[in-house]
Amino acid sequence: MEKMPNQEPERRERHVRKHGGTDEFWENLGLDVESMSPRAQAITGVVTGGMILLAAAAVLFAVPQMWWLIFIFGWAVFPAFGVFARGVAGLVETRTEALPEGAKEKELLGALQRRGELTPAQAAMETSLSVRQADEMLESLAAKGHLEVRVRGGGIFYSLWEHEEGAGEGRLEGGR
């Protein structure tokens with residue numbers, strides 16, 4: 001048996017789409033949803049989805065024999081729902097980023113007061129902060145002496161300083 005030299009199989013170039021099929025749907029309607037603001041995306045999704053559902057109801061009401069068209073209308077609702085969800089997610093993200101630094105700190109301190117102590121991950125679950133933001137903010141507050149840092153089982157816990165029962169009374173008496 002004679003071995004043939006390894007030959008590269010002929011490769012055909014395939015057209016790889018940058019976006020999914022939903023973007024084609026919107027391009028066919030003449031809309032560029034990628035460049036829209038999150039609010040415009042959410043509104044576009046709601047309006048388009050509502051128009052599709054109203055059209056489906058009208059067709060089914062007027063011509064019940066065309067019941068099979070519900071599948072076509074049903075598939076057309078998915079891109080509208082996708083753009084709506086993308087818009088809502090963008091609105092939530094911009095709302096979180098738009099909070100002033102003081103409001104984020106106040107939200108974090110409120111969570112600390114409710115829970116007693118927090119790790120950065122717990123702080124992220126209790127607030128609108130990301131884990132990274134919560135970690136940076138907790139470290140900063142601890143470095144300035146505003147928070148107590150405890151290490152247990154390999155984890156770092158932050159808490160508000162606990163004042164001792166007799167400490168406050170002693171200061172008042174000493175000030176007299």
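The values are calculated or read from the model by the stated rules, or taken from the named source; none is laboratory data. Keep in mind it's a predicted model, so treat the numbers as computed, not measured. Glycine gets a Cβ as well: all are built from the backbone with ideal geometry, and neighbour counts include every protein chain shown.
Before moving on, here are some points about what is shown:
- Segment 79-91 residues that are free of Cβ contacts under 8 Å to residues at least 60 places away in the same chain and assigned to a helix (DSSP H, G or I), paired with ones that are β-branched (Val, Ile, Thr) and buried (at least 17 other Cβ atoms within 10 Å of the Cβ) (beta carbon under 7 Å, 6 or more apart): 80/48; 80/52
- Some residue of segment 85-95 being at pLDDT 85 or above and farther than 30 Å from residue 44 by Cα: no
- Answer residue from segment 98-114, given it is surrounded by 13 or more Cβ atoms within 10 Å (Cβ to Cβ) and under 19 Å from residue 150 (Cβ atoms) and is nearest to the chain's Cα centre (by Cα) among those: 108
Rundown of residues vs (1) closer than 25 Å to residue 93 by Cα; (2) charged (D, E, K, R); (3) not assigned by TED's automatic domain parsing to the domain that holds residue 93, yes/no style:
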{"residue": "106", "(1), (2), (3)": "yes, yes, yes"}
{"residue": "110", "(1), (2), (3)": "yes, no, yes"}
{"residue": "113", "(1), (2), (3)": "no, no, yes"}
{"residue": "128", "(1), (2), (3)": "yes, no, yes"}
{"residue": "132", "(1), (2), (3)": "yes, yes, yes"}
{"residue": "139", "(1), (2), (3)": "yes, yes, yes"}
{"residue": "143", "(1), (2), (3)": "no, no, yes"}
{"residue": "153", "(1), (2), (3)": "no, no, yes"}
